[in-house]
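Let me begin by presenting the structure, written as structure tokens, before commenting on it.
The values are calculated or read from the model by the stated rules, or taken from the named source; none is laboratory data. What you see is a predicted model; the values in this text were computed from it and never measured. Here the Cβ positions follow ideal geometry from the backbone for every residue, glycine too, while neighbour counts run over all protein chains shown.
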Amino acid sequence: MIFRKLTTAKLAAVTAAAVTMTAAPATANECIAPSNPGGGWDFTCRTIGRILTELDLVDGNVQITNMPGGVGAVTFAMVAAERSDDADLIVATSTVGITQIAQGRYPAPLDTMRYLAMLGADVGVIAVDDESPIESLADLNEAMAADPTALVTAGSSGAGGWDHIRLLMVADEAGVEDLSAIRWVQFDGGTDAVTQMMGGQIDVVSTDLGEIAGFVESGDIRVLAALSDEPIPAFPDIPTAISQGVDVTGYNWRGLYTGGDVSDEEYASWVDRLETLYNSDEWQEAATASGLVPIWRGGAEFEAFVREQADVMEQISRDIGVIE
Amino acid sequence: MEILSLLGQGFVVASTPLNIALLLMGCFIGTLLGALPGLGPVNGVAVLIPLTFTFGFDATSSMILLCAVYFGCMYGGRISSILLNIPGDEPAIMTTLDGYPMAVQGQAANALAISGVASFVGATIAVIGLSLFAPILARAAIHFGPADYFALYILAFATIGGIAGVDPRKTLLSALIGLMLATVGLDPISGVPRYTFDSFHLYDGIEPIVALVGLFAISEILMLLEKTFKDRPKAIPVGSWLPQWGAIWRTRWAMLRGSGVGFVAGVLPGAGASLGSFMAYVAEKQTSNKKGTFGKGDPRGVAAPEAGNNAASGGALIPMLSLGVPGSGTTAVLLAMLISLNVQPGPLLFERQPDLVWGLVASLYMANVALLILNLPMIGIFTRLMMTPTWALMPIVAAVTFVGVYGISNSVFDLEMMVFFGVIGYLLRKFDVSLVPLVLGLLLGGDMERNLRRAMSISDGDWSILVASPISIGLYILTVFFLALSVWLAVRDHRQTKSERLTEG
């Protein structure tokens, strides 16, 4: 009797474990977030998956799979090798992923995949502590040009990652000669970097606005510049870099790709469905809520954009000495 | 007073029938997930997120459900540590040191009860700390810079020699292997791959939970296979099925000390629950191990790390809510969840959404009570697990670990990795090398290195930054004190045994 009770308990445990794997029928749509739960790619998959279902653009639920590894490289390799013609599969990517590809850190080149669309973008910002003597982008550039080693800069990427590159683009535009002399510190996230700046460990943070918006509202930090074409609707007071004479934009867009052997028809069908999703109130709301600026680029236009961005990124990476 | 009235409002928010039902469900699921090797709070919380969307819960209800799962996992992780010597999740490794020996001695019921009550005490102290001091503590924690975190990790590793095993040299060896394994993966600063053998699977390093499950669960299965060939394994005698309250009461100081240490580790976003339970165990051993009973089934060795682990998990909510900085994988998921529910964690959260914050705090008090009530009667059922013949139990453990580890990353590579670690674990056990320091090295080594490298980036390579702040100097002094104390104790014990031998001889 006792034994039987135990067996049932354990069977229940095994079933619970199996359920958590979210086993779904083979025909279900799947979105792979090439990261652990909690990051930007995870948000892309979970939000888009949820809204696709809510709008009846897919049958049933979209299965979300987390496949972390190599800043997206593991998923990229898996899709290329095993699922390049699986039209039910979409994968989250962003500027961060394209930067990795441009720097040759993925196992296969850019055109291994078909890029579907971007649905929104986080805007890069350059910020300092509210008590910092640096009042404007001009002050910052002056300080960096005078002595590139004077300030400690930080963000959520390693050296050569997108947060770092955006800062160097600003410095480059401002005429700083020795870009590699600028000190850069990597933190696990934008808020980590900001709190370390508030604690006085570092001087300047370059990262996405979305994650650190709370500190802008509370007045703990001062944003010197938004790296966007137009002022950000939620923060109209933040001046753009362009308005201060520094011609740099630095978006971190969020989008999706699918396997390289997916047929034109199925590719077009995804682009259509994603455009419907983009135009829905649900997406506009969800995107704005998480600090994204909704931006649409889909299909061939997006393919061209991704290629152009990869080229630009490769060039910048070469210029600043991240790759040879 | 103001806090009390806010908290009162919070209880009103949390006491709706829906929220109470979610709370109980979360506690139960959490305990189950925590007890299963491999699956832990990160997966549990991530899996339940779609559910909150499907049912359209508001932010408060969703957070109550997910935090109940989080706390439940912390309770559940210890169960398999004690009964099977297999930790259910990372912070539960310290509980194997004394919990399993207690179970082997027929004290499983006591060990489970002590760990349950210790979890309650730790988590409750953390929630009290959260309600009273959250904003102040968060403001204090930001002054901890990379160099200070590095000093904290130095302190932790300096004490590692004393945690387990007969031979401190083997413990150090084990910790060193762990530290070496922690260097696998992309270099955190420059992005250059290290020891990855051109495999993208190794770019993010070795997933600690995969190594942990392999080292403990798979090696346990291998040990059992070997034993079965040699002789028929005997079922472990089960003492009483009911815990003795006196035994729990005797560990009260260990629980309080463990809670204090764990809470501090939790509030620091760069530390976390694993460091919390580890430091709580070491601190307790330094204070109380007068008769050398630690590691052989001392109840205080169960109480301190469990209180520490739960206090740290509760403490980790402070930087998450008031700064938006996640201190752990689980809080990172909770954070993403909050953001997608249109709640912006950070300095203004407490002012702008008091209903959410205080409803959550109140529900955490309730979750703790619920978990205690849920867990104590289950002790009887769990102890009977010990009576299951191992030939029946172990295949199920094997199945659960494989399913659990595959469920984390959907990767066959992780399964192979787990088996690889199982073999390493088996070999190390054959040489009497404790596995706990290895896992600690792997878990904490990465963070230690990142903070050192960050400090070096800040100072442009000037090592003096490591001793430039009062916090780090204080931590180094503490380290020296700890080391001196261990050496002194070792010398004293050595003399004592020598003189005992002389008098006996």
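Sort through A:Ala287, A:Ala241, A:Ala234 and tell me the only one that's under 18 Å from the mean Cα position of the chain (by Cα) and of a type in the set (A, V, I, L, M).
A:Ala287
Answer yes or no as to whether A:Glu173 is surrounded by fewer than 20 Cβ atoms within 10 Å (Cβ to Cβ), out of contact with any Ser or Thr (no Cβ under 8 Å at 6 or more places or on another chain) and in contact (Cβ under 8 Å) with a residue 24 or more places away in the chain.
Against the criterion (surrounded by fewer than 20 Cβ atoms within 10 Å (Cβ to Cβ), out of contact with any Ser or Thr (no Cβ under 8 Å at 6 or more places or on another chain) and in contact (Cβ under 8 Å) with a residue 24 or more places away in the chain), A:Glu173 qualifies.
When you go through B:Arg384, B:Arg454 one by one, which is the residue that is at pLDDT 85 or above, buried (at least 17 other Cβ atoms within 10 Å of the Cβ) and among the basic types (Lys, Arg)?
B:Arg454
Looking at segment B:429-439, which of the residues that are buried (at least 20 other Cβ atoms within 10 Å of the Cβ) and hydrophobic (A, V, I, L, M, F, W, C) is nearest to the other protein chains (Cβ to nearest Cβ)?
So the residue we want is B:Val439.
If you scan segment B:415-435, which residues turn out to be in a helix (DSSP H, G or I) and touching a residue at least 40 places away in the same chain (Cβ under 8 Å)?
Result: B:Met417, B:Met418, B:Val419, B:Phe420, B:Phe421, B:Gly422, B:Val423, B:Ile424, B:Gly425, B:Tyr426, B:Leu428, B:Arg429.
Here's a check for you: in segment A:190-232, which residue that is farther than 20 Å from B:Met320 by Cα and among the acidic types (Asp, Glu) is farthest from the other protein chains (Cβ to nearest Cβ)?
Looking at residues that are farther than 20 Å from B:Met320 by Cα and among the acidic types (Asp, Glu), I get A:Asp229.
Of the conditions (1) away from chain B (no Cβ under 12 Å); (2) surrounded by 21 or more Cβ atoms within 10 Å (Cβ to Cβ); (3) not in a helix (DSSP H, G or I), A:Leu140 clears all except one; give me its number.
Condition not satisfied by A:Leu140: (3).
For segment A:55-74: of the residues being touching a Phe, Trp or Tyr at 6+ places or on another chain (Cβ under 9 Å) and either in a helix (DSSP H, G or I) or among the charged types (D, E, K, R) (or both), which is surrounded by the most Cβ atoms within 10 Å (Cβ to Cβ)?
Taking the candidates together, the pick is A:Gly72.
Could you tell me how many of the residues in segment B:389-414 are in contact (Cβ under 8 Å) with a residue 24 or more places away in the chain, at the interface with chain A (Cβ under 9 Å from one of its Cβ atoms) and of a type in the set (S, T, N, Q)?
2
In segment A:201-258, what count of residues is obtained for those that are touching a residue at least 60 places away in the same chain (Cβ under 8 Å), over 30 Å from B:Ile471 (Cα atoms) and outside any loop (DSSP other than H, G, I, E, B)?
16
Identify, by number, the condition in (1) within 14 Å of chain B (Cβ to nearest Cβ); (2) at pLDDT below 90; (3) not in a loop (DSSP other than H, G, I, E, B) that A:Ile316 doesn't meet.
(1)
Specify the residue that is farthest from the other protein chains (Cβ to nearest Cβ); the eligible residues are those in segment B:440-468 that are farther than 10 Å from B:Phe150 by Cβ and among the small types (Gly, Ala, Ser).
Ranking the candidates gives B:Gly441 first.
For the list (1) touching a Leu at 6+ places or on another chain (Cβ under 9 Å); (2) modelled with pLDDT under 90, I need the number of the one condition that B:Leu475 fails.
B:Leu475 satisfies all of (1) touching a Leu at 6+ places or on another chain (Cβ under 9 Å); (2) modelled with pLDDT under 90 except (2).
Being part of a loop (DSSP other than H, G, I, E, B) and at pLDDT 90 or above narrows it down to one of A:Ser84, A:Ser35, so name that one.
Going through A:Ser84, A:Ser35 in turn, the sole match is A:Ser84.
Is it true that some residue in segment B:130-141 is within 14 Å of another protein chain (Cβ to nearest Cβ), touching a Cys at 6+ places or on another chain (Cβ under 7 Å) and not in a loop (DSSP other than H, G, I, E, B)?
No, because not a single residue in segment B:130-141 is within 14 Å of another protein chain (Cβ to nearest Cβ), touching a Cys at 6+ places or on another chain (Cβ under 7 Å) and not in a loop (DSSP other than H, G, I, E, B).
Which residues, counting only those in segment A:124-162, are within 28 Å of the chain's Cα centre (by Cα), hydroxyl-bearing (Ser, Thr, Tyr) and under 18 Å from B:Ile189 (Cα atoms)?
Of everything in segment A:124-162, those that are within 28 Å of the chain's Cα centre (by Cα), hydroxyl-bearing (Ser, Thr, Tyr) and under 18 Å from B:Ile189 (Cα atoms) turn out to be A:Thr153, A:Ser156, A:Ser157.
Go through (1) more than 20 Å from B:Ser328 (Cβ to Cβ); (2) more than 14 Å from chain A (Cβ to nearest Cβ); (3) surrounded by fewer than 23 Cβ atoms within 10 Å (Cβ to Cβ) one by one and return the number of the condition B:Leu112 breaks.
Checking B:Leu112 against (1) more than 20 Å from B:Ser328 (Cβ to Cβ); (2) more than 14 Å from chain A (Cβ to nearest Cβ); (3) surrounded by fewer than 23 Cβ atoms within 10 Å (Cβ to Cβ), the one that fails is (3).
Would you check which residues across segment B:33-65 are touching a residue at least 12 places away in the same chain (Cβ under 8 Å) and among the hydroxyl-bearing types (Ser, Thr, Tyr) and list them?
Scanning segment B:33-65 gives B:Thr52, B:Thr60, B:Ser61, B:Ser62.
Take segment A:178-189 and flag every residue that is aliphatic (A, V, I, L, M), more than 7 Å from every other protein chain (Cβ to nearest Cβ) and without any contact (Cβ under 8 Å) to a residue 60 or more places away in the chain.
Selection gives A:Ala181, A:Ile182.
Scan (1) within 25 Å of B:Val184 (Cα to Cα); (2) surrounded by 19 or more Cβ atoms within 10 Å (Cβ to Cβ); (3) within 14 Å of chain A (Cβ to nearest Cβ); (4) not β-branched (Val, Ile, Thr) for the single condition B:Ser472 breaks and write down its number.
Every listed condition holds for B:Ser472 apart from (1).
For the structure I just gave you, tell me whether A:Leu277 is within 14 Å of chain B (Cβ to nearest Cβ) and crowded, with 16+ Cβ neighbours inside 10 Å.
Judged against the criteria, A:Leu277 is not a match.
Right, B:Ile3: of a type in the set (A, V, I, L, M, F, W, C) and in a helix (DSSP H, G or I) or not?
Answer is yes for this residue.
Restricting attention to segment B:334-364, report how many residues are within 14 Å of B:Gly26 (Cβ to Cβ) and either within 11 Å of chain A (Cβ to nearest Cβ) or surrounded by fewer than 22 Cβ atoms within 10 Å (Cβ to Cβ) (or both).
2
State which residue pairs qualify: first residue in a helix (DSSP H, G or I) and inside segment A:297-311, second residue among the basic types (Lys, Arg) in any location, beta carbons under 7 Å apart, and separation of 6 or more residues or different chains.
A:Phe305/A:Arg297
Suppose we filter B:Lys296, B:Lys285, B:Lys290 for residues that are of a type in the set (Lys, Arg), without any contact (Cβ under 8 Å) to a residue 60 or more places away in the chain and away from chain A (no Cβ under 14 Å); which single one remains?
That would be B:Lys290, the only listed residue that is of a type in the set (Lys, Arg), without any contact (Cβ under 8 Å) to a residue 60 or more places away in the chain and away from chain A (no Cβ under 14 Å).
Scan segment A:151-167 residue by residue and report those that are in contact with a strand residue (DSSP E or B) (Cβ under 6 Å, 6 or more places away or on another chain) and either of a type in the set (Val, Ile, Thr) or surrounded by fewer than 24 Cβ atoms within 10 Å (Cβ to Cβ) (or both).
Those that are in contact with a strand residue (DSSP E or B) (Cβ under 6 Å, 6 or more places away or on another chain) and either of a type in the set (Val, Ile, Thr) or surrounded by fewer than 24 Cβ atoms within 10 Å (Cβ to Cβ) (or both): A:Leu151, A:Val152, A:Thr153, A:Gly158, A:Ala159.
Just name the residue that is farthest from the chain's Cα centre (by Cα) out of those in segment B:17-30 that are surrounded by 24 or more Cβ atoms within 10 Å (Cβ to Cβ) and closer than 30 Å to B:Met418 by Cβ.
B:Gly26
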